[in-house]
Amino acid sequence: MTNYFDFFNLPVSPRIDQKALKRQFYANSKRFHPDFHTLAEEDAREEALEQSTINNQGYKILADDDRRLKHLLDLKGVLGEEGSNKMPQAFLMEMMDINEALMELQFEDDPTARAKVDEMIASLEADFDSEVAEVLNHYDDATVSTTELEKLKDYYLKKRYLRRLKQQSPEV
């Protein structure tokens with residue numbers, strides 16, 4: 001697995017300097033762009049193309065908060081295979097009310113009920129953010145604990161679950 005933090009000379013962290021990422025992306029784009037290697041040996045052209053691809057993929061991942069966090073968790077070996085990660089039971093119990101409300105909206109669209117569901121989801125997101133804010137804002141890769149990584153994992157999984165709920169929510 002490519003460590004995109006290393007590729008862009010950035011510290012491994014859930015929060016990064018976006019301007020530094022963009023600067024390094026543009027520098028890499030110039031350096032590895034295939035057009036600048038047309039006269040080089042075939043191996044050098046292939047290497048430039050590969051590095052250009054890594055540059056583009058890495059930028060997409062590190063520029064997005066959710067993808068960056070997933071990448072960090074993958075690097076740390078915290079996330080299991082897709083479908084093997086367990087959600088906290090208390091969280092799933094909280095989700096029952098929201099899931100029921102969403103099912104009701106599928107049968108009868110009620111703007112008041114929709115607003116209530118949106119409010120419930122927004123409230124949960126705010127709670128999740130506050131629960132993990134300390135770890136997100138003061139992450140130190142050299143001293144991060146297993147407990148902190150588990151908090152980040154739970155945060156990532158919960159946010160992903162809520163994102164899917166939002167996508168299932170009927171539009172007005």
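The values are calculated or read from the model by the stated rules, or taken from the named source; none is laboratory data. On a predicted model such as this, the values are computed, not experimentally measured, just so you know. Quick reminder, even Gly has a Cβ in these numbers, built from the backbone with ideal geometry, and neighbours come from all protein chains shown. Side chains included, ligands, DNA and RNA excluded: accessible areas come from the protein's heavy atoms. Shrake-Rupley method; radii C 1.70, N 1.55, O 1.52, S 1.80 Å.
Of all the listed residues (T143, T147), the sole one being of a type in the set (S, T, Y), free of Cβ contacts under 8 Å to residues at least 12 places away in the same chain, surrounded by fewer than 16 Cβ atoms within 10 Å (Cβ to Cβ) and within 24 Å of F7 (Cα to Cα) is T143.
Okay, residues lined up against (1) touching a Cys at 6+ places or on another chain (Cβ under 9 Å); (2) of a type outside the set (A, V, I, L, M); (3) touching a residue at least 40 places away in the same chain (Cβ under 8 Å):
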residue	(1), (2), (3)
A90	no, no, no
A101	no, no, no
L136	no, no, yes
K153	no, yes, yes
K159	no, yes, yes
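The residues in segment 39-79 that are open to solvent by less than 20 Å² (accessible area, probe 1.4 Å) and under 19 Å from F128 (Cα atoms) can be counted, and the count is 4. Condition check: assigned to a helix (DSSP H, G or I) and either at pLDDT 95 or above or more than 19 Å from P11 (Cβ to Cβ) (or both). Does T112 satisfy that? Taking the combined requirement at face value, the residue satisfies it.
Scanning segment 85-109 for residues that are open to solvent by less than 70 Å² (accessible area, probe 1.4 Å) and not in a helix (DSSP H, G or I), which turns out farthest from L73 (Cα to Cα)? Filtering first and then ranking leaves P88.
Taken over segment 26-38, the criterion of being closer than 17 Å to Y4 by Cα and either free of Cβ contacts under 8 Å to residues at least 12 places away in the same chain or open to solvent by 30 Å² or more (accessible area, probe 1.4 Å) (or both) is satisfied by Y26, A27, S29, R31.
Looking only at residues of segment 110-128 that are within 25 Å of G80 (Cα to Cα) and not aromatic (F, W, Y), we find that the one that is most open to solvent (accessible area, probe 1.4 Å) is D127. E131 passes every criterion in (1) open to solvent by less than 90 Å² (accessible area, probe 1.4 Å); (2) under 22 Å from the mean Cα position of the chain (by Cα) apart from (1).
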